[in-house]
1. Assess whether B:Gln136 counts as being over 29 Å from A:Ser151 (Cα atoms), at pLDDT below 90 and either within 14 Å of chain A (Cβ to nearest Cβ) or surrounded by 10 or more Cβ atoms within 10 Å (Cβ to Cβ) (or both).
2. Would you mind stating whether A:Phe291 is of a type in the set (Phe, Trp, Tyr) and buried (at least 20 other Cβ atoms within 10 Å of the Cβ)?
3. May I ask you to say which residue of B:Val61, B:Val32, B:Val54 is among the β-branched types (Val, Ile, Thr), over 30 Å from B:Gln136 (Cβ atoms), more than 8 Å from chain A (Cβ to nearest Cβ) and out of contact with any Gly (no Cβ under 9 Å at 6 or more places or on another chain)?
4. Got at least one residue in region A:103-124 being closer than 25 Å to A:Gly327 by Cβ and either assigned to a loop (DSSP other than H, G, I, E, B) or among the polar types (S, T, N, Q) (or both)?
5. In region A:108-125, how many are touching an Asp or Glu at 6+ places or on another chain (Cβ under 8 Å) and either at pLDDT below 85 or more than 7 Å from every other protein chain (Cβ to nearest Cβ) (or both)?
6. Does region A:67-96 hold any residues that are of a type in the set (Gly, Ala, Ser), within 24 Å of the chain's Cα centre (by Cα) and surrounded by 19 or more Cβ atoms within 10 Å (Cβ to Cβ), and which are they?
7. Hey, A:Leu60 hits all of (1) more than 21 Å from the chain's Cα centre (by Cα); (2) in the same structural domain as A:Gly131 (by TED's automatic domain parsing) but one; which does it fall short on?
8. Take the residues in region B:4-48 that are among the β-branched types (Val, Ile, Thr) and within 19 Å of the chain's Cα centre (by Cα), then tell me which one is nearest to A:Pro83 (Cα to Cα).
Amino acid sequence: MIEITGIFAVDWTIIKLAAILAVTVGVLLTVAYYTYGERKIMGAMQRRQGPMTVGPFGLLQPIADGIKLFSKETIIPSQANGPVFVIAPMMLFALSLVAWAVIPFDKGWVIANINAGILYLFAVSSMTVYGVIMAGWASNSRYAFLGGLRSASQMVSYEVSMGLIIVCVLLCTGTQNLQGIVEADRPVWMQILLFPMLIVFLVSILAETNRAPFDLPEGESEITGGFMVEYSAMTYALFFLGEYSAMILMSAMTNILFLGAWLPPFGIEALAFVPGIIWFAIKTLLVMFVFIWARATLPRFRYDQLMRLGWKVFLPLTLFWVVLTAGILITFDALPS
Amino acid sequence: MIISALAFYFFAGILVLSSVLVITAKNPVHSVLFLILAFFNSAGLFILLGAEFVGMIMVIVYVGAVAVLFLFVVMMLDISFADLRKGAMQYVPIGLIIGAVLLFELIAVFGTWSMSDDKLANLAAPSPGESVSNTQALGKIIYTDYVLAFQGAGLILFVAMVGAIVLTHRRRPGVRRQSVAEQHARKPEDVLKVQKVTPGTGV
């Protein structure tokens, strides 16, 4: 028996490594089938079939796309700034994966249970802008540069309101640990108080991940693909994977902040027999569906309207809501100790 | 312990190296990118010290916002790097003088530095007590003992921001601005008129 515990103690690192590998592979597989789901759902919304030729119901389409991107030639423009050009997609991709380290999938199912978990998530997501801005600059192309600039200003603008929304939630939960945020006691009035922030947060994550209707950094119809215009093959694929992984990450973050992650919905005890990870997946998929829904429904914003929404509507609203939340919590003596 | 020592040397080494590269890199954009790397590694050092809140805020504020704006401006500058290098040598004496003054001041400060007796205990526990997290400890100090200094700093930043906007803002004539409230207040009756057109007469 003693020997066995000894082996387990040594194997702890290996278990951690296996967990990291499992999360990474899981995220990449989810990304692959998220693209498939996106094309199917958008097809259904626009009365098309979506992918249907490769495999049954077109289920092997993401694999085929992956092989295609692998086997293509990576082109580095001769006028591009070589090292930065290559580092940019790698950085975006790596950043979109490291953030998963702190996401709790179920009670205790987390790689790194750190105290400042939400700050870590926010820090990583605020760094993803560098991948885009570096790509835009290093391509040495006007379209790419415009895309990079647009993305930089857009992501910085919406991060401000996202930060303030996170402050609102933290005021109510009293902890920065992601598990603590999920498990914090939330009476109904608190959920009603936070509901408008959920809506603002959903819009902000669309802008933060450069998704439609805020996909101006890509803007096919005006800047032909924006910061990605010079990228091909695997460098392009890394951008693609990074973008979708960031979308799934933001969905998981919304889930943890507002939707209660692995807890059964509406606190129904009868549903507690379902494993927490299932609830986590269902709720995250729900937010992921909103991304696709918005893309299939809404036309692209004009650039000044995007800035107006960020700075003149969301910033004052979220700032007011922080004061309101703090005021209500103080008045009713409901501050978490 | 050995791992944290290795991590310290790793972060510190990259920090020093990237700081040197900030001033030696030929391309200003590369300089800013190395500056960002330096910020990031100093955040790593903070986390190593157990100050995870400061470390994270370092990344969020400096890397995620301030340096983005640096990069933004430097990327937009259209400057010839060769011209910039040409006259740089004439500023070396002034630079050396400033450097010497700073060095002297640092020596003056650290020369009189004395460690408190319970420094080892302080180093071992950066936040007071196990139950209080870093963020709470910081908040309790800032908003109680140092509230005036903190609010004063905030006020100065606010004034600086207003000043920057006032100095750079100019009203350009002839710009057609969108007034969202006006647009929303428009009704079909105000702007549309249904007219009967008899053939051969025109409107």
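1. yes
2. Working: of a type in the set (Phe, Trp, Tyr): yes; buried (at least 20 other Cβ atoms within 10 Å of the Cβ): yes.
Yes, satisfied.
3. Numbers: B:Val61 fails: over 30 Å from B:Gln136 (Cβ atoms); B:Val54 fails: over 30 Å from B:Gln136 (Cβ atoms).
Going through B:Val61, B:Val32, B:Val54 in turn, the sole match is B:Val32.
4. Taking every residue of region A:103-124 in turn, none turns out to be closer than 25 Å to A:Gly327 by Cβ and either assigned to a loop (DSSP other than H, G, I, E, B) or among the polar types (S, T, N, Q) (or both).
5. Number satisfying all stated conditions: 4.
6. Within region A:67-96, A:Ala88, A:Ser96 meet the criteria.
7. All conditions are met except number (2).
8. B:Val29
The values are calculated or read from the model by the stated rules, or taken from the named source; none is laboratory data. None of these values were measured; they are calculated from a predicted model. For neighbour counting, all protein chains shown are included, and Cβ atoms are generated from backbone atoms with ideal geometry for every residue, glycine included.
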